[in-house]
Amino acid sequence: MRPAWLKCLIFTVAVSAAAFSCDRPTRAAAADLPKPAIDLPAEKDSKAAVAVFAGGCFWCTEAAFEQLEGITDVVSGYAGGKADDAKYETVGAGLTNHAESIQITYDPSKISYGQLLRVLFTVIDPATKDGQHPDYGRQYRSAVFYSTDAQKRVAEAYIRQLNDAKLFDAPIATTVESFDKFYPAEGYHQDYVKKNPDHPYVQRWSVPKVEKVKKHFPELLKRSAPATTRSAA
């Protein structure tokens, strides 16, 4: 995550070069992605489960996922690196192996791991390696951090399914990585979109991802989903 002043600079440059925005299509068609052919079984009395994903700026992915029914908590943080360098300054500078990530706590009886993956691959550009526009570098890579063999199996199967369907302009670059530990980000990063709805970066990059979830997954939204912050023109 870059400092606020740099976010504003990126926003200004991006507006003047809108043709290269993160909203550019990477799929041959705008159709919804298929449901995963393989998923984890839904157990009626199952305990809360956890998924850890990376998809560029964690402000964006946090806001996108927290509006889904069955999700009880979304925390922005770092995954893929060590405890001593899990800090904004070092991660944002690309000096670690961490990726800006989110830790999702969810009820498997209400939303499945496969559904979460489908939302992830809809919200991000999985065909871009080491970055999500306008943020680039390994710290902004897209990744699925699996904590069980079952999660790994479902993630790898879904990536194969999407690649075989040739829905993207290039092979999926999202990595499937073994999960070690999640390190929550600094307090001011949590719920950033809610707390800073008028921030230029939020308006340009976060809000469209929130809206994309609403458009493609209306049946998965919480009944009391918060109103979307207004989108920049």
Cα gyration tensor category, rounded, prolate or oblate, for the range 114-187 with a/c compared to 1.5: oblate
Cα-based Rg and Dmax for the range 34-158, where Dmax is the largest Cα-Cα distance (Å): 14.3, 44
Cα gyration tensor category, rounded, prolate or oblate, for the range 74-132 with a/c compared to 1.5: oblate
Spatial separation of Cα centroids for the range 137-177 and the range 197-224, in angstrom: 22 Å
Separation in nanometres of the label points that stand 7 Å from Cα toward Cβ, at residue 181 and residue 72: 2.4 nm
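Could you give the length gained on full extension between residue 212 and residue 147, defined as 0.36 nm per residue of separation minus the Cα-Cα distance, in nm?
20.6 nm
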Order of 89, 156, 66 under a 10 Å beta carbon neighbour criterion, fewest first: 89, 156, 66
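Readers should treat all values here as calculations from the given coordinates under stated rules, not as data from a laboratory. These numbers were taken from a predicted model, which means no experiment stands behind them. As a convention, Cβ positions derive from the backbone with ideal geometry for all residues, glycine included, and neighbour counts pool all protein chains shown.
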